[in-house]
Amino acid sequence: MTKQKVVVADVSMAVVVPPELFMAEAKKPPLMPGGYITISKNKLLQNIEINGGARINAWVESMRASSPTSHRKFIQDQTTWMERHPSALKVFDEITNASKGKQIVMFLDYDGTLSPIVDDPDRAYMSDAMRATVRSLAGCFPTAIVSGRCRDKVYNFVKLAELYYAGSHGMDIRGPSKGSKYKKSPPSVLCQPASEYLPMIDEVYGLLLEKTKSTPGAKVENNKFCLSVHFRCVDEKKWSDLAAQVRSVLKDYPKLRLTQGRKVLEIRPTIKWDKGKALEFLLESLGYANCTDVFPIYIGDDRTDEDAFKVLRERGQGFGILVSKIPKDTSASYSLQEPSEVMEFLQRLVDWKRGFW
Ligand SMILES: O=P(O)(O)OC[C@H]1O[C@H](O[C@H]2O[C@H](CO)[C@@H](O)[C@H](O)[C@H]2O)[C@H](O)[C@@H](O)[C@@H]1O
């Protein structure tokens, strides 16, 4: 069988992928000199997601076939990418100038954005310094946390009552529980578009716990309206077993879909709701639905954040900032490398608003 060479642009790896993995793509990527296709890991994974039954095994196979790409090629990719997605710290004045006369509204992802990625999802703490910065930020601008985690869990990490929280990838939204300048009324659940799925999610959670217990390191997390199956601590040789276990459960639940985040398989309702819809809902709740003088800023590190970046591009309002050290396919305009840079950026916004910058 003919194999095509594919450079996975965001993980500094070259992988040989069976051409059938790309069958679902309307437009195949152009062939580069040397017979390579440069494709981002995101696109590769999206494609695998779209393709039929063997998709997860195919993905595992493609990862196994990986080998390091040249350092020089990686540096070139990195430089080009940084030109297209400059550091939000370097273009800070440009950003604040664009927001003049408009109401900034802040949207922050949690894992990988406010807290560093760690092996144990239950120990993904944010630092006290980050918490203090987010608290100051919320004193300056309406601020929301938008996370794949269940709302209660992310609240327990952030512990700031003056924020909006959108948990379960935006499927569970609640306003501030403490009077903020932007919301004085008592806390209320604003939106739970997937509530009818709760019994199904609980059922699948039980089945996944049972099915995956034979895979050492696998962890199933109940995020209320969605589920996460973590494979960060699973031996790579066992990834295909785990993928098969998850698929064997999901085949009986066509109303649930599978997506992928950072070393995590995410299971969620097929409803048309995502972090982008949550962003729009929150803007509406804050009274900015049809305003031209609003400037939303969304900061996130994961594929699910792309839905929100896209909404901002489509609205032509504000912008997205991707947190990443490596080039990725993204609709975000700017980049930051890691949570410590996110904190610096947020603190600068606070200082600017207070007139110190
Ligand atoms: O939308 P987010 O707030 O970014 O949530 C996405 C997932 O984040 C968590 O998993 C990720 O972070 C863990 C802790 O650093 C890490 O161990 C894991 O590998 C990452 O995928 C969370 O545990 C998941 O439930 C969320 O779906």
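The values are calculated or read from the model by the stated rules, or taken from the named source; none is laboratory data. Nothing here was measured: the structure is a model prediction, and the numbers come from that model. Using ideal geometry, Cβ is built from the backbone for each residue, glycine included, and neighbour counts are taken over all protein chains shown. SASA here: full protein model, heavy atoms, side chains in, ligands and nucleic acids out. Shrake-Rupley method; radii C 1.70, N 1.55, O 1.52, S 1.80 Å.
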Item to check | Matching residues in segment 92-116 - criterion: being within 16 Å of the ligand (Cβ to nearest atom) and open to solvent by less than 50 Å² (accessible area, probe 1.4 Å) | outcome: M106, F107, L108, D109, Y110, D111, G112, T113, L114, S115
Next on the checklist: Restricting to segment 121-134, name every residue that is crowded, with 17+ Cβ neighbours inside 10 Å and more than 16 Å from the ligand (Cβ to nearest atom).
Outcome noted: T133
Checklist entry - Is it fair to say E284 is modelled with pLDDT under 95, in a helix (DSSP H, G or I) and either assigned by the TED database to the domain that holds Q103 or open to solvent by 50 Å² or more (accessible area, probe 1.4 Å) (or both)? => result yes
Checklist entry - Quick one: would you say C233 is of a type outside the set (F, W, Y), touching a residue at least 60 places away in the same chain (Cβ under 8 Å) and either surrounded by fewer than 15 Cβ atoms within 10 Å (Cβ to Cβ) or over 15 Å from M200 (Cα atoms) (or both)? => result yes
Item to check | Residue check, V154 part of a helix (DSSP H, G or I), within 14 Å of the ligand (Cβ to nearest atom) and either in contact with a Gly (Cβ under 6 Å, 6 or more places away or on another chain) or outside the structural domain of E338 (by the TED database) (or both) | outcome: yes
Checklist outcome for this item: Across (1) open to solvent by 20 Å² or more (accessible area, probe 1.4 Å); (2) under 25 Å from A132 (Cβ atoms); (3) touching a residue at least 40 places away in the same chain (Cβ under 8 Å); (4) more than 16 Å from the ligand (Cβ to nearest atom), I297 clears everything bar (1)
Item to check | Selection count, segment 68-100, where residues are modelled with pLDDT of 95 or more and of a type outside the set (K, R) | outcome: 14
Item to check | Residue tally, condition in contact with a strand residue (DSSP E or B) (Cβ under 7 Å, 6 or more places away or on another chain) and within 20 Å of M343 (Cα to Cα), over segment 135-156 | outcome: 11
Checklist entry - For segment 313-322, which residues satisfy the criterion of being surrounded by fewer than 23 Cβ atoms within 10 Å (Cβ to Cβ) and outside any loop (DSSP other than H, G, I, E, B)? => result R313, E314, R315, F319
Checklist entry - Of the residues in segment 245-281, how many are part of a strand (DSSP E or B) and within 20 Å of S331 (Cα to Cα)? => result 3
Checklist entry - Which number in (1) of a type in the set (A, V, I, L, M); (2) in the same structural domain as A144 (by the TED database); (3) closer than 23 Å to F231 by Cα marks the one condition that I297 misses? => result (3)
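Yes/no per residue for (1) among the aliphatic types (A, V, I, L, M); (2) within 16 Å of the ligand (Cβ to nearest atom):
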residue: L137; (1), (2): yes, no
residue: F141; (1), (2): no, no
residue: L160; (1), (2): yes, yes
residue: A166; (1), (2): yes, yes
residue: G175; (1), (2): no, no
